[in-house]
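Just below is one structure, and these are the notes that go with it.
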Amino acid sequence: MNDSSWGAPPQAGYWGPSDQGPARGAAPAGPAYDAHSAQHTRPMPIVPDVPEHGGDQDDDRGAARLSGPLFRDENPSAQSYAAAPQNPEPMSHAPQPAPRPQKKSAGRDLGAAIGVGLGLGVVIVASLFVVKAVFVGVIAVAVVVGLWELTKRLEERKGIKAPLVPLALGGAAMVVAGYVRGAEGAWVAMALTALAVLVWRMTEPPEGYLKDVTAGVFAAFYVPFLATFVAMMLTAQDGPWRVLTFLLLTVVSDTGAYAVGWRFGRKKLAPRISPGKTREGLLGAVTFAMAAGALCMQFLIDDGSWWQGLLLGLAVAASATLGDLGESMIKRDLGIKDMGTLLPGHGGIMDRLDSLLPTAPVVWLLLVIFVGSG
């Protein structure tokens, strides 16, 4: 029942006089009816029965009406007065035990996440410092799997069929071209991959052609092209240390944001995009990344300096956060939580590449500016 109906002027259904005669349920008209006394009697409304599906409180929500005691208990003030017992027992004023505080949850399986993260770290570091070409192969495999996850989700959720075959072949070739021929080779491979997507899609009916090829070109740029900057970092004389610095700073930034945000986070950073991210978490990412950057540039990079590491860490925290928000936008548009389930505790490959991909060109460029291409 609407609370606004209490205290309203007398209307039909009230005890009391009316311009149209006695209302239904009023005392019968006649000599026994004292109109003068009735005017000085406080009108008392006849309370309607409780609606079957929860009352007026559902109307302003626009949601489906729910029934049952569970829904009504969530808003006790909206229950009807008529639903109260006629002879209620006196309420007990005995103190109720305080509810036990809930332990704050991290929101994912930390054991699985740490185990998978350590396993991936061992594989990456081993391939990075043993044979450079092996690490290029690791990048290519990650790119192909990431493209498969992205195109699969696009087809499942939006009906967009970005051609996977030319994307996978062109993406792997793009990474190799970036390692062998640098930025020029990466751009040429990107252009050829986009052309292959356009031609490949012509073998199917024209309906949806524009959206399919647009998504294909976007996927080619978003995953393999950005990943080629990691391969280009590797070509320097101290390439493995540059790539390790890039990986460490991105991981430290994500870890700092997660740890500080989980413990101290109060103010939302971008609630419409990613409700879990906070401004305190961003401050943690910046602090951790700048400290790690100063150490890495001072001790891992040839001719590097600690103050350069501070700038590098700040840039990494910004790009990693933007990359994370960018993929959150994609997943929110698709209506999914994770891009895949390949990595327990992490989601899919794309859920781990989200902050790495946009950070790669930033680190590559700043390292070239600070210490040269090597």
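Laboratory data are not the source of any read-out in this text; all were calculated from the coordinates shown. Since the model is a prediction, treat every value here as computed from it, not as a measurement. Heads up, the Cβs are rebuilt from the backbone with ideal geometry, glycines too, and the neighbour counts pull from every protein chain shown.
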Ranked from fewest to most other Cβ atoms within 10 Å of their own Cβ, Leu311, Leu247, Leu322 fall in the order Leu322, Leu311, Leu247
From the backbone phi of region 123-138, what are the Karplus-calculated ³J(HN,Hα) couplings (6.51 cos²θ - 1.76 cosθ + 1.60, θ = phi - 60°) in whole Hz, Gly and Pro given as x? 4, 5, 5, 4, 5, 5, 9, 8, 9, 4, 4, 5, 5, 4, x, 4
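Using per-residue counts of other Cβ atoms within 10 Å, averaged over each peptide, order 355-365, 331-341 from highest down. Intermediate results must be reported in sequence, preceding the final value.
Numbers: 355-365: 22.3, 331-341: 15.0.
So the order, starting with the most tightly packed, is 355-365, 331-341.
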State, to one decimal in nm, how far the label point of Ile336 lies from the label point of Val122, with both points 7 Å from Cα in the Cβ direction. 2.9 nm
Tell me which residues come under 5 Å, amide H to amide H, from Leu269 once H is placed; ignore anything under 5 positions away on its chain. Lys277, Thr278, Arg279
Between Val188 and Glu207, what is the spin-label point distance in nm, taking each point 7 Å from the Cα along the Cα→C-beta axis? 4.1 nm
So what are the ³J(HN,Hα) numbers for region 332-342, from phi and the Karplus equation (6.51, -1.76, 1.60; θ = phi - 60°), rounded to whole Hz, Gly and Pro as x? 5, 5, 7, x, 10, 8, 10, 6, x, 10, 5
Over 28 Å (Cα to Cα) among Lys211/Lys268; Lys158/Lys277; Lys211/Lys267 -> Lys211/Lys268; Lys211/Lys267
For Ala162, what charge total do you get from the other residues with a beta carbon under 14 Å from its beta carbon, if Lys and Arg give +1 and Asp and Glu give -1? +2
Using alpha-carbon positions, what is the distance between the centroids of region 303-350 and region 177-243, in Å? 19 Å
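Determine, for Ser373, Ser328, the number of other Cβ atoms within 10 Å of each Cβ, and report the residues in order from fewest to most. Let's see the in-between values first.
On the way: Ser373 14, Ser328 18.
With the sparsest Cβ surroundings first, the list reads Ser373, Ser328.
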³J(HN,Hα) computed for each position of region 264-280 - Karplus, 6.51 cos²θ - 1.76 cosθ + 1.60, integer Hz, glycine/proline x: 10, x, 10, 8, 5, 7, 8, x, 6, 9, 9, x, x, 8, 10, 5, 5
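What ranking do Glu149, Glu184 get, fewest neighbouring Cβ atoms within 10 angstrom at the top? Don't jump to the answer; show the numbers that get you there.
Details: Glu149 22, Glu184 10.
Ordered by Cβ neighbours within 10 Å, fewest first: Glu184, Glu149.
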In nm, give the distance between the simple-model label positions of Val130 and Leu169, each being 7 Å from the Cα along the Cα-to-Cβ direction. 3.0 nm
